[in-house]
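The values are calculated or read from the model by the stated rules, or taken from the named source; none is laboratory data. For clarity, every value in this text was computed on a predicted model and none was experimentally measured. Cβ atoms come from the backbone with ideal geometry, glycine included; neighbour counts cover every protein chain shown.
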Amino acid sequence: MSTASPDCSAFRSMHSAISVKNISKYYGALQALDDVSLTIEPGEFFGLLGPNGAGKTTLISILAGLVKADKGHAAILGSDVQSAFREARRMLGVVPQELVFDPFFTVRETLRFQSGYFGIRHNDAWIDEIMANLDLTSKADSNMRALSGGMKRRVLVAQALVHRPPVIILDEPTAGVDVELRQSLWQFISRLNQDGHTIVLTTHYLEEAEALCQRIAMLKQGKIVALDTTANLLTRYGSNKKDGDGKTDLEEVFVNIMSGDIR
Ligand code: ATP
């Protein structure tokens, strides 16, 4: 499947896929993000990890233009998420955490509407291809309300891909889904990454992050407390516990980092 749009390679050497500079965000008195800066390069498979309430979804919402930062700047492939919202949004596919759908439409209609939202007509060949890759073809004419939770989550992923975005953010895409879907989802996402798409993943399944992400940022109370390659994090912050194969795992690294103020 040819999933990388021509834009993918055109922007590769010019801009970072995601650039976040000194972003802060308050909800009333609560500071959800505190001076967050990070850069993700095109083609990376990047993990954004942190406990509940660390600020991951807030950061993703800022990148998607759904929430406005109080301070700082963010850009997708060089387009500022505020001043060049349309360009930035077109470069980005977001798989949100919440399952929100119009229950009256079929899967195909839902994906057609999403295409229309990006001004794309006659997108059925691509919609068919995405559905085939996510095992949704047999549900194409089913109403959204008739789908199981796992199937709805597949539609969320499909929705994020209809406009062939070079940068894809997945906010806990495997929360509450069965092993089979998890595996097929990761196969598909890994293939998109191999085709040149930048992938950003948030998950509480740390073994998934360890297996998939080349680089990881860890957020705690709105601050980045670790940012490194997965391999370096495992070497630096793993302690004495050894798995059967002699390796420390990311879960232990996560606990070590979250329990102290190390960076
Ligand atoms: P989780 O892993 O549970 O999804 P998260 O890392 O995505 O958490 P956020 O959802 O970004 O965390 O929340 C960061 C903080 O901001 C939390 O304390 C949360 O309660 C608060 N928050 C998020 N959205 C709002 C909002 N719309 N109004 C007020 N507070 C909010």
Next on the checklist: Can you name every one of the helices (runs of 4 or more DSSP H) wholly within region 44-127 that holds 1 or more residues which are under 20 Å from residue 189 (Cα atoms) and of a type in the set (S, T, N, Q)?
Outcome noted: 56-63, 107-117
Item to check | Filter result for residue 174 (among the polar types (S, T, N, Q), closer than 25 Å to residue 18 by Cβ and within 16 Å of the ligand (Cβ to nearest atom)) | outcome: yes
Checklist entry - Right, residue 5: of a type in the set (Gly, Ala, Ser), at pLDDT below 95 and out of contact with any helix residue (DSSP H, G or I) (no Cβ under 9 Å at 6 or more places or on another chain) or not? => result yes
Next on the checklist: When you scan region 160-171, do you find a residue that is touching a residue at least 40 places away in the same chain (Cβ under 8 Å), in a helix (DSSP H, G or I) and more than 18 Å from residue 41 (Cα to Cα), even just one?
Outcome noted: yes
Checklist entry - In this structure, is residue 37 small (Gly, Ala, Ser), surrounded by fewer than 22 Cβ atoms within 10 Å (Cβ to Cβ), within 16 Å of the ligand (Cβ to nearest atom) and modelled with pLDDT of 95 or more? => result no
Checklist entry - Just for region 48-82: of the residues that are in contact with a helix residue (DSSP H, G or I) (Cβ under 9 Å, 6 or more places away or on another chain) and among the charged types (D, E, K, R), which one is nearest to the ligand (Cβ to nearest atom)? => result 68
Item to check | Enumerated strands (runs of 3 or more DSSP E) restricted to region 172-236, each holding at least 3 residues that are within 13 Å of the chain's Cα centre (by Cα) | outcome: 198-202
Checklist outcome for this item: Here the residues within region 94-123 that are touching a residue at least 12 places away in the same chain (Cβ under 8 Å) and within 16 Å of the ligand (Cβ to nearest atom) are 94, 95, 96, 97, 99
Checklist outcome for this item: Scanning region 147-171 residue by residue, those more than 16 Å from the ligand (Cβ to nearest atom) and of a type in the set (A, V, I, L, M, F, W, C) turn out to be 147, 151, 155, 157, 158, 160, 161, 162, 167, 168
